[in-house]
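Here is the structure we will look at, set down as C-alpha cells.
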Amino acid sequence: MTHDHDLVLRPTEAQIAAALNPPAGRNGGDLVVETLAALGATTVFGLPGQHALGMFDALRRSDLRYIGLRVENNAGFAADAYGRITGEAAPLLLSTGPGALTSLAALQEAAAASAPVLAISSQVPTAGLGGGRHGYLHELPDQAASFRGVVKSVHTVRAHSQIPSAIEAAWKSALTAPHGPVWVEIPQDVLLAETSIPVVTGGDAFPEELPPRPELTAVAAHLLSQATRPAIIAGGGVVRADASKKLRQLAETLRAPVVTTPGGKGAFPWTHPLSLQSWIEDRHTTDFLEDADVLLVVGSGLGELSSNYHTFKPRGRVIQIEADLGKLESNHPALGIHADARLALQALLETVREREDATAPERVREVLTKVADRIAAQELTLEQDVLASVRKALPADSPSFWDMTILAYWAWSAFDAKGPNHMHSAQGAGGLGYGFPAALGAATADPTRPVLAVSGDGGALYSIAELATARQYDLNVTWLIVDDGGYGILREYMTDAFGEATATELTRPDYVALAESFGVPGVRTTPETLEADLAKALQTSGPSVVVLPAVLRMFAPTHLAM
C-alpha cells in the first residue's frame, strides 16, 4: 500500500539545474532563513550578537520580517505571544552565552503555557564544542545543558547539511501537542562559512497528531453519560487546541457546569447558564467541584493555581485529558487520557449520550452568588471598579496581556475574556516583565486590532526599554501601568506573614514623562477617568501608555484556612 506521505515528487529539470548551481555568496545564515521561510515563517524576533551575525546578515537577503527587541528575555516574551495568537512556531534569533541565557525565563513561560517558540542561537566555533576550555567569547562548557530542562527538544548543528533538517525537526516538535519552545544552536563558523548547499525551497514539518485511545474515551463517555452531577474544568490546553466550540457542545450535551482555569480563560462563554466562570480560587467553587460524581478535566494538570493551591480534593471519579504526559495524573488519580484536547473532545462528542438536568443552571447561579457575596463583604469596590473599567474600555475582540500584578490576579478570577485566546498572562511560570513585550508580539501578529498590556510598576521596570521597540515599529499597544510604588502583592504577602514588608518599596520614574521621551504618548489617569482614558488610548493608532497611581488589594484567599 502506498501512502500519500510516501510519494516523492520528481524534481523538474529547472529545479535540478538550480540545485546544481546555487547562488554565490550564501552562508550558513542563509540556510537558516531559507529554511524558516520554506516552513512558512514570515516574522522573526530577536537581538543580534557577535556570534550570530551570520544569521542576521542573511535576513537582509530574505523576505522575513524582523522585529528587534532590546532585551533577549523580552524578545522571548514577544515570540511567545506571537505563537499563542497565530498558533504558528515563532522564530527567536539569539546570540551565544549571555544573550542565549537571558532568554531562559521567557522560554520557561512558553513551556509552562505551551506556546510554540523556535529559538535559534549561535554557538562558539565548532572547535569549542564538547566541553574543552578554549577561551572563546561567551563560551560555556555545554550551552545546551542550560536549556534541556526548559524546552521540549534541543538540536545542535555541526555542519551546513544539518541546518535544514535540524530546524525542520525543531519546528515539528514545537507544534506537536503539547506545543512548546524548542532550542537549535549553530556554531559561529558554520553560520559564517560559505555554502554550496542548494537553496532550501520546501519543508515538511506537519506536527504529529495526538489522538486519544478509543478504549479510554469509551469508558469516559460511559461515565459522563451515567453521571448525576458531572462538572468540567477547562484549562489552557483547550485554548491551545482551538477546542472551545467542542467544549461548549459537550457541556451542553451533558448539562455539565464548566469552570475555566487562569490559562483557560475564554474557553467557555462567561455568561453561559453552565458557566462557573473562573472563580477557581474560591472555596465555594472548590466545594462544588469536589461534590461532582464525575469530573472531566480538559487541558489542565490541576496545578497550584488550578486547584485552589492544592486544597482541591475530588471525591468523585476524575477523567483527565492532557497532552503533556508529565502532567497526566500528576496531582490526582484519574482515568488519564493522553491526547490533544480537540481530538479527545471530538471522540467524546461522538460517544456520549445526552443528559437531562434542569437543576444545573440553578446550582451554577447559587455558587456564583456565594462567590459574589464573599467578595462584596470585603469592601473591594475600588478593585472591582478598576477591573470593570478595563473591561468596558477594551474592545471585545482585542487580546490582553497581563504581568504578574494584583490587577492580573483579580483578572484570573473576575475578568471576562470575551472569547478564547483573548487573555494571556505569565501565570504559567510566574515571572515579571511579561505583559508589555508579549503585547508587542501580539500586535505584530495581528496589527488590525488594538492590544492591551497591563503591568504594575515593578513589572514595568523589567520591560521599559521596549517602549523604543513599540515606537520603532509603531505597534498598536496600549500599556496600562498600575503604579503603587512597589511590588504590591509581595508587600501584602510579607505584611500578612511577618507584620511588615521588606525590600518591596521602589523609587520609580515619572512613567508619563518617560514614555513621552520615547515618543510614546502618555497620560496619568484616576480610577474615575480610567475607562475614558483607556478607551481613547486604545482607539488611537500606535503605542501609548496610561498610568494609574493606585494601591489595589487582593481579595482574601480561601485556601489558607484548610
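When the residues of segment 198-254 are narrowed to those that are outside any loop (DSSP other than H, G, I, E, B) and of a type in the set (D, E, K, R), which ends up surrounded by the fewest Cβ atoms within 10 Å (Cβ to Cβ)?
Going through the qualifying residues, I end up with E215.
Within segment 119-141, can you find the residues that are open to solvent by less than 30 Å² (accessible area, probe 1.4 Å), touching a residue at least 60 places away in the same chain (Cβ under 8 Å) and touching a Ser or Thr at 6+ places or on another chain (Cβ under 9 Å)?
Listed by number, the residues that qualify are A119, S121, S122, Q123, V124.
Please list, ordered by residue number, the strands (runs of 3 or more DSSP E) wholly in segment 44-162 having 1 or more residues that are in contact with a His (Cβ under 9 Å, 6 or more places away or on another chain) and at pLDDT below 95. Let's see the steps before the verdict.
Values: elements: 65-68, 90-94, 117-123, 154-156.
Ranges flagged: 117-123.
Kindly check whether there is at least one residue in segment 288-311 that is under 23 Å from S225 (Cα atoms), in a helix (DSSP H, G or I) and open to solvent by less than 10 Å² (accessible area, probe 1.4 Å).
yes
From I464, I489, grab the single residue that is assigned to a loop (DSSP other than H, G, I, E, B) and surrounded by 15 or more Cβ atoms within 10 Å (Cβ to Cβ).
Only one candidate passes the filter, namely I464.
If only one of V297, V318, V352 is among the β-branched types (V, I, T) and either assigned by the TED database to the domain that holds A112 or closer than 24 Å to H424 by Cβ (or both), which one is it? Lay out the reasoning, then the answer.
On the way: V318 fails: either assigned by the TED database to the domain that holds A112 or closer than 24 Å to H424 by Cβ (or both); V352 fails: either assigned by the TED database to the domain that holds A112 or closer than 24 Å to H424 by Cβ (or both).
Step by step, each of V297, V318, V352 is checked, and only V297 is among the β-branched types (V, I, T) and either assigned by the TED database to the domain that holds A112 or closer than 24 Å to H424 by Cβ (or both).
Being closer than 30 Å to S463 by Cα, in contact with a strand residue (DSSP E or B) (Cβ under 7 Å, 6 or more places away or on another chain) and among the polar types (S, T, N, Q), is that true of even one residue in segment 393-402?
Let us first name the residues in segment 393-402 that are closer than 30 Å to S463 by Cα, namely 393-402.
From the residues that got through so far, the ones that are in contact with a strand residue (DSSP E or B) (Cβ under 7 Å, 6 or more places away or on another chain) too are 394, 398-402.
Those still in the list that are among the polar types (S, T, N, Q) too: 398, 400.
Taking every residue of segment 393-402 in turn, at least one turns out to be closer than 30 Å to S463 by Cα, in contact with a strand residue (DSSP E or B) (Cβ under 7 Å, 6 or more places away or on another chain) and among the polar types (S, T, N, Q).
What residue, of R84, R65, is among the charged types (D, E, K, R) and surrounded by 23 or more Cβ atoms within 10 Å (Cβ to Cβ)? Outline the logic, then answer.
Values: R65 fails: surrounded by 23 or more Cβ atoms within 10 Å (Cβ to Cβ).
Of R84, R65, the one residue that is among the charged types (D, E, K, R) and surrounded by 23 or more Cβ atoms within 10 Å (Cβ to Cβ) is R84.
So that you can scan it fast, the table gives a plain yes or no per residue for (1) in contact with a His (Cβ under 6 Å, 6 or more places away or on another chain); (2) assigned to a helix (DSSP H, G or I); (3) without any contact (Cβ under 8 Å) to a residue 40 or more places away in the chain; (4) within 19 Å of S275 (Cβ to Cβ):
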| residue | (1), (2), (3), (4) |
| --- | --- |
| V318 | yes, no, yes, no |
| H332 | no, no, yes, no |
| L343 | no, yes, no, no |
| R353 | no, no, no, no |
| V371 | yes, yes, no, yes |
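From the list A159, A144, which one is in contact (Cβ under 8 Å) with a residue 40 or more places away in the chain, among the small types (G, A, S) and open to solvent by less than 70 Å² (accessible area, probe 1.4 Å)? Break it down into steps so the answer makes sense when it comes.
Details: A159 fails: in contact (Cβ under 8 Å) with a residue 40 or more places away in the chain.
None of the others qualify; the one that does is A144.
Go through T448, T502, T478 for me and flag whichever is in contact (Cβ under 8 Å) with a residue 24 or more places away in the chain and of a type in the set (V, I, T).
On the way: T448 fails: in contact (Cβ under 8 Å) with a residue 24 or more places away in the chain; T502 fails: in contact (Cβ under 8 Å) with a residue 24 or more places away in the chain.
Result of the check over T448, T502, T478: T478.
Being among the small types (G, A, S) and at positive phi is true for just one of G266, G202. Which residue is that?
One residue alone meets the criteria, G266.
Given A334, A341, A372, A347, which one is at pLDDT 95 or above, on the phi < 0 side of the Ramachandran plot and either assigned by the TED database to the domain that holds A417 or under 22 Å from the mean Cα position of the chain (by Cα) (or both)?
On the way: A334 fails: either assigned by the TED database to the domain that holds A417 or under 22 Å from the mean Cα position of the chain (by Cα) (or both); A372 fails: either assigned by the TED database to the domain that holds A417 or under 22 Å from the mean Cα position of the chain (by Cα) (or both); A347 fails: either assigned by the TED database to the domain that holds A417 or under 22 Å from the mean Cα position of the chain (by Cα) (or both).
Only one candidate passes the filter, namely A341.
Consider A429 carefully, then state whether it is assigned by the TED database to the domain that holds M404, at negative phi, in contact with an Asp or Glu (Cβ under 8 Å, 6 or more places away or on another chain) and in a loop (DSSP other than H, G, I, E, B). Break it down stepwise before answering.
Details: assigned by the TED database to the domain that holds M404: yes; at negative phi: yes; in contact with an Asp or Glu (Cβ under 8 Å, 6 or more places away or on another chain): yes; in a loop (DSSP other than H, G, I, E, B): yes.
The answer is yes for A429.
Condition first: farther than 18 Å from E185 by Cα and over 21 Å from the mean Cα position of the chain (by Cα). Can you find one or more residues in segment 69-76 that meet it? Write out each step before concluding.
Within segment 69-76, the first condition is being farther than 18 Å from E185 by Cα, and the residues that meet it are 69-71, 74.
Those left that are additionally over 21 Å from the mean Cα position of the chain (by Cα): none.
Looking for residues that are farther than 18 Å from E185 by Cα and over 21 Å from the mean Cα position of the chain (by Cα), one finds none in segment 69-76, hence no.
Are any residues in segment 264-276 surrounded by 24 or more Cβ atoms within 10 Å (Cβ to Cβ) and part of a loop (DSSP other than H, G, I, E, B), and if so, which ones?
Residues of segment 264-276 that are surrounded by 24 or more Cβ atoms within 10 Å (Cβ to Cβ), as a first pass: 264-265, 267-268, 276.
Correct list: K265, A267, F268, L276.
Looking only at segment 260-288, how many residues end up being without any contact (Cβ under 8 Å) to a residue 60 or more places away in the chain and touching a Phe, Trp or Tyr at 6+ places or on another chain (Cβ under 7 Å)?
1
Which pairs have Cβ atoms under 7 Å, sit 6 or more apart or on different chains, and link a residue in segment 289-300 that is farther than 15 Å from S278 by Cα to one that is surrounded by fewer than 24 Cβ atoms within 10 Å (Cβ to Cβ) and of a type in the set (S, T, N, Q)?
D293/T228
The values are calculated or read from the model by the stated rules, or taken from the named source; none is laboratory data. Every value quoted in this text rests on a predicted model; they were computed, and no experiment measured them. Every residue, glycine among them, receives a Cβ derived from its backbone with ideal geometry; neighbour counts consider all protein chains shown. Just so you know, the surface numbers come from the protein's heavy atoms only, side chains and all, with ligands and any DNA or RNA stripped out. Shrake-Rupley method; radii C 1.70, N 1.55, O 1.52, S 1.80 Å.
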